[in-house]
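Structure first, then comments.
The values are calculated or read from the model by the stated rules, or taken from the named source; none is laboratory data. It should be emphasised that the depicted structure is a prediction, and the values quoted were computed from it without experimental measurement. FYI the Cβ positions are ideal-geometry reconstructions off the backbone, even for glycines, and counts take in every protein chain you see. Quick note on the areas: whole protein, heavy atoms, side chains included, nothing else; ligands and nucleic acids left out. Shrake-Rupley method; radii C 1.70, N 1.55, O 1.52, S 1.80 Å.
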Amino acid sequence: MSPHAAPHVELRRVTKRYGAFTAISDLSLTVDKGSFTALLGPSGCGKSTLLRMIAGLEPITAGQCFINGAEVTDVDPAKRRIAMVFQSYALYPHMTVRQNIAFSLSIAGASRKEQDARTQEVARILQLEDYLDRRPAELSGGQRQRVAIGRALVRKPEVFLFDEPLSNLDAKLRVQMRLELAKLHAALHSTMIYVTHDQTEAMTLADKIVVLDRGRVAQIGSPLELYNRPANKFVAAFIGSPSMNFFRVGLTAVEEKTASVALPGGRTARVGLGAPPAFAEATVDLGVRPEHLSLVDTHDAEAALSGRIGIVENLGNLTLLYVDTPAGQLIVEGPGDVGSKKGDLVGLKFSAANARLFGADGATL
Amino acid sequence: MTGAVAVADAPLSAASRLMRLRRIDLIGALVTLATLLGAVVWAFPLYWGLVTTFKPETEIVQPGVQLWPRDFTFENYANVLTQTKIGLWYLNSLITSGAVTIIVVAMAASAGYAISQLQFPGRRFFWAMILASFMVPIPALIVNHFVLMSQFGWVNTLQGVVAPQLIAPVTVIIYKQFFDQMPKDFREAAKMDGANEFQLLFRIYLPMNWGVTTALAIITFIAAWNLFLWPFLAVSSEEKLNVAVGITQVHDAFGVQYGRDLAVAMLAALPVAVVYLLFQRRVTQAIMLSAGIKG
Amino acid sequence: MLKSKRAEYFAAAVLMAPFVVIYAVLFVYPTIKMVELSFTNAPLIGPGRWVGIDNYWRLATERLFPTALWNTIYFVILSALPSTLLALFVALGVNRLKGWTQSVVLAAFFLPYILPVSVVFRIWDWMFDHDFGIAQYLIAPLNGGQRLSVFRTVPLFMPMVALVTIWWLMGFNVLLFIAGLRNISTEIYEAARLDGATRWAQFKRITWPLIWPVTVLVLTIQLILQFKIFDQVYLFTQGGYRVDTTMVMVQYIYRQAFQLNKGGLAASASVVLFVLIAVMSVLQYQLLRVRAQR
Ligand SMILES: Nc1ncnc2c1ncn2[C@@H]1O[C@H](COP(=O)(O)OP(=O)(O)O)[C@@H](O)[C@H]1O
Ligand SMILES: [Mg+2]
């Protein structure tokens, strides 16, 4: 995120209602020029709605949308100098790849020569030259995906919008296309806004991630910020796989940067605080990621919790252990050659820096 | 049924099942035979009419059943082509049916598109009107269609034959249904590409529903070609008749001549028969669609 | 937003215009005029005097219209029901066939449907011709060895026209039934056969419950269609003698308007036909809706 870049796309206090249902409420957002911004959130949280409002496909109930500093709230989609890649690709089945790519140019009344030249150029970038005279039905999933991108590319838009573009591909192809998209962004330096429910895609591609929760921004930040300093329990739970472990603890003492908590099972632990909480809460949620829990002997002084291993999932390079503790079942990520097995009694430890406390409203303390 | 019982019963039940299978196959074979026989009976009148046209008149009126002409001849057709105005009637039928087809399909596609895809005041009203007109028997309107055509001065003209045939609510309904089913993404992608509503219709929606258009065009054409009552009323001079009505006039003009009467009928049926045989699948599809069964 | 709304209205106006004009001029206006005309004593072309419900009174009291109504209903009964049932049997038979045999057989049953009515008339007029018709070989033995002009024998006229109509239009019904039968998966039959269901049981338990909605649909389509009967009846009574006894409703309208120049009376008969068919169509529409909701 370059500090000097002016916002390229900006949403100001935008609300979208479908009848009585509020899909997006009072949301503000800036997207920097040349950035790759991901809109991330679970299905139904309003990602597509937000993207479609930027595209101009969905009328905005209240609020404003700016592109390049000019208000476009009521401007036609075709006049916003943006292009969109649809989840379904929406390739016109009755047109060849060439016609699909050139469609917007032909609508705009470009000359045959210009259409051909620009289609060729796009085809070269996307390695589609050999498929130009095929119909979409004769292409593989990855090729269709590239045609969809080509159709956006040919218009030389200032902003690219992607709505879950990889979700129709199989796992292997998805990784490959992800890399190609990253390369494309590096080559074009265009602004890209990318909707996904897949945190891996968002984390690997984006330099800024907007996490949405039921039509509101849960947090905006770089991938690592979201991982290391989640602003609330929702983001903490959503980012990271397997998901963060949460359990109830009692707050016993609060200092400048740390707090003491009483854990289920009787032991106490120290946990880092972002800032001292303004009020003292008796019980809070403690969150710790599976990869930040490690196995120790039950009698070890550092063991915060102890329990019995319920299930062992060995994934080769790492092992997931489901440990039944007084705090409930916790997931622990261990190395691939972890020595423990089902039924073992183990202690769990974590460091103060790697644990988070969440208040009753879900905000990180 | 337990295993033990099944084993004990095995020889008997196998035998009885075989018997039943045989009986069933016999029934099945009889049904198939009856069906094939039925098809022959059904096709026979058409065959008999056709084969008669290749017999000389003297052979036609001889007693006995002659399934193939003893004296194969084209003279009936030659007579019809030279002595009747069938060429002109063909032309009239071609012009009126072609015009009806083009206008109906264009109008129905446009209206179907607007009602399916656009929001505008009166949309629901027009849709209700189309559904209502679906229930109206056109033959009940012949009197006032005639009055209207005479007010236009269109009685005994080709445009007068065409006009009342343009009410085709089913075609609009079918187009609307098909456009309704188009995924929204195509529309939005094209909008982002800068297409307006007309470009959307003519470059995306219609080409993507080419099959429906062909099917609807074919049966609209066949129906217009075959129409009897209205052209019969609207046309008074032999020069403006269509084929379907025209061939009933031959009789009046020349008296009974079986071969010639049938030959002219076969010529009238030829184009629709050819169209049907060429586009069987489309005709079938269109019929299903207009009956409300998705093909 | 405002601008794109205006563009949308403009597009809608342009696209709807041909439809609206055609429907207003050729459908709405004539329909209103028809009702208006039915309350006057106007000739076919020209003005008339308002006579209230006189025309409707005449329809009810004079002998010809009730005869025409009855003949129409008689014809509908003779044609709609048999052609529906026959088509079901034919479809069941055709559905057993495979590949090209099925195509050929289906074409044999369907081809008559696409013929112009006048061609159908010519073919059957020739088949039943009094002097040389091939059908006389079947008719004569039944008629005590005498040839019989079936279309000139009043009690036979309607049944014979119905027969010709069934031959002409049954293919349409067969097509709809076959579409219905194809929607029944063969697995259901295989499961039933493994359960030892007899052929009759299979039909009663599987085929019929799934096919009866189609049967009802076909029957209502036929009822509405056959109610508009004119062409065949007119063609087979060509020559104009003894038309009255076999007259049907549309023929009555034709006679009053175009032969006797009684526009008002013809319009009132049209209104009656209009209402009868509209009622049947509403019933059919409801039926379709019920079907669609399943
Ligand atoms: N046209 C619409 N009418 C009513 N509700 C809608 C419409 N489009 C989306 N929604 C609702 O808005 C919410 C957000 O939808 P969407 O933006 O598609 O979610 P996602 O994050 O999965 O892309 C969902 O609950 C959805 O049901
Ligand atoms: Mg979505």
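Structural remarks
- Residue check, A:Leu105 buried (at least 17 other Cβ atoms within 10 Å of the Cβ) and within 14 Å of ligand 2 (Cβ to nearest atom): no
- Odd one out for C:Phe132, checked against (1) facing chain B (nearest Cβ under 9 Å); (2) more than 28 Å from C:Tyr252 (Cβ to Cβ); (3) buried (at least 21 other Cβ atoms within 10 Å of the Cβ): (3)
- Helices (runs of 4 or more DSSP H) wholly inside the stretch C:180-294 that include at least 2 residues being modelled with pLDDT under 90 and open to solvent by less than 40 Å² (accessible area, probe 1.4 Å): C:199-202, C:208-227, C:263-293
- Filter pass, A:Leu39 being more than 16 Å from ligand 2 (Cβ to nearest atom) and not charged (D, E, K, R): no
- Cβ pairs under 9 Å, 6+ apart, first in the stretch B:184-199 and closer than 14 Å to A:Tyr92 by Cβ and more than 7 Å from every other protein chain (Cβ to nearest Cβ), second open to solvent by 30 Å² or more (accessible area, probe 1.4 Å) and in a helix (DSSP H, G or I): B:Arg187/B:Gln117; B:Ala190/B:Gln199; B:Ala190/B:Arg203
- The test for being at pLDDT 90 or above, in a helix (DSSP H, G or I) and under 24 Å from C:Tyr137 (Cβ atoms) does not hold for B:Pro69.
- Residue that is farthest from B:Ala291 (Cα to Cα) [pool: residues in the stretch B:173-216 that are outside any helix (DSSP H, G or I) and not small (Gly, Ala, Ser)]: B:Asp193
- Under the condition of being in a loop (DSSP other than H, G, I, E, B), closer than 22 Å to A:Gly44 by Cα and either open to solvent by 60 Å² or more (accessible area, probe 1.4 Å) or modelled with pLDDT under 90 (or both), the residues counted in the stretch A:171-218 number 2.
- Within the stretch A:47-59, tally of residues that are away from ligand 2 (no atom under 16 Å from the Cβ) and surrounded by 20 or more Cβ atoms within 10 Å (Cβ to Cβ): 1
- Some residue of the stretch C:115-122 being closer than 30 Å to C:Gln256 by Cβ and more than 8 Å from chain B (Cβ to nearest Cβ): yes
- Residue match in the stretch A:168-175 (condition: within 29 Å of B:Gly211 (Cβ to Cβ), within 13 Å of another protein chain (Cβ to nearest Cβ), touching a residue at least 60 places away in the same chain (Cβ under 8 Å) and in contact with a helix residue (DSSP H, G or I) (Cβ under 6 Å, 6 or more places away or on another chain)): no
- Of the residues making up the stretch B:105-118, none is more than 11 Å from chain C (Cβ to nearest Cβ) and open to solvent by 40 Å² or more (accessible area, probe 1.4 Å).
- Remark: pairs (first residue in the stretch A:40-56, away from chain B (no Cβ under 13 Å) and hydrophobic (A, V, I, L, M, F, W, C); second residue within 10 Å of ligand 2 (Cβ to nearest atom) and open to solvent by less than 20 Å² (accessible area, probe 1.4 Å); Cβ separation under 7 Å; 6+ apart in sequence or on different chains) = A:Leu40/A:Thr196; A:Leu50/A:Leu39.
- No other residue among A:Val296, A:Val261 is touching a residue at least 60 places away in the same chain (Cβ under 8 Å) and assigned by TED's automatic domain parsing to the domain that holds A:Gly336 apart from A:Val261.
- Residue within the stretch A:5-27 that is within 14 Å of chain B (Cβ to nearest Cβ), near ligand 1 (Cβ under 9 Å from one of its atoms) and among the hydroxyl-bearing types (Ser, Thr, Tyr) present: no
- Being small (Gly, Ala, Ser), surrounded by fewer than 18 Cβ atoms within 10 Å (Cβ to Cβ) and within 16 Å of ligand 2 (Cβ to nearest atom) is a property that A:Ser167 has.
- All helices (runs of 4 or more DSSP H) inside the stretch A:12-130 with 2 or more residues being of a type outside the set (A, V, I, L, M) and closer than 23 Å to A:Gly141 by Cα: A:97-107, A:112-125
- Against the list (1) part of a loop (DSSP other than H, G, I, E, B); (2) open to solvent by 30 Å² or more (accessible area, probe 1.4 Å), the condition A:Phe246 fails is (1).
- Whichever residue in the stretch C:1-43 is of a type outside the set (Phe, Trp, Tyr) and outside any helix (DSSP H, G or I) and, among such residues, is nearest to B:Gln119 (Cα to Cα): C:Met1
- Residues of the stretch C:1-41 that are among the polar types (S, T, N, Q) and either more than 7 Å from every other protein chain (Cβ to nearest Cβ) or under 22 Å from B:Gln165 (Cα atoms) (or both): C:Thr31, C:Ser38, C:Thr40, C:Asn41.
- Number of the condition not met by C:Pro30 [criteria: (1) over 16 Å from C:Ala257 (Cα atoms); (2) surrounded by 20 or more Cβ atoms within 10 Å (Cβ to Cβ)]: (1)
- Qualifying residue in the stretch A:17-29 (condition: among the basic types (Lys, Arg), in contact (Cβ under 8 Å) with a residue 60 or more places away in the chain and away from ligand 2 (no atom under 16 Å from the Cβ)): no
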